[in-house]
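Computed from the coordinates by the stated procedures, all read-outs in this text should not be read as laboratory data. Not measured: the values here are computed from a predicted model.
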Amino acid sequence: MSDHPRTPAHALHLMRRARGSIRPRPLSPREEAEVAGLLDERLAGLFWEQPVMDQRHAIDAAHLVLARRPGARNIARAALLHDVGKRHARLGFFGRVAATTLALLRLPAPGRLRVYLDHARLGAEDLTGADELIVGYARHQDGSRPDFIPAGTWALLKEADGEKHRLADEAQYDVG
Ligand SMILES: [Fe+2]
């Protein structure tokens, strides 16, 4: 299970993200080609199994990685794939908000909401056999940096992930 948010400040974050998450922009042909150029067939299959909102979040994250560090293809792959576990929950934006709200309130999440909150572990399982960074970021995205991920790489991925701040040293949960 991922670390859950513990601060109401996350509500503001959810509102900011709402518009883009409810009506995500599908990848353009150019972006589709970028994915094909970065991922092998198996990993690309996982990428395209994601709902559009997660595809959009992932490609935006990969773009930021490559803008900050041109040529960092493996970090870009980690950005593209870090949320593949979310697709298991088959939740839309509002279901994700419900799951996150329950986590905020430290209430048990039933069914698919619970699956959603477990997306980091599930995604890492999906990615077994991929590069250590790819699996590792998916698994630890809401927690602390594991030793095998360099601090600079971790900071870049967190920035690219966009909204995973730590407020008052508490992990913040991301619906995107
Ligand atoms: Fe994310």
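Assorted remarks:
- The alpha-carbon atoms of region 41-102 define a convex hull whose volume equals 85 cubic angstrom per residue.
- Along each principal axis, taking the top coordinate minus the bottom one, the Cα set of region 10-171 gives 42, 35, 29 Å in descending order.
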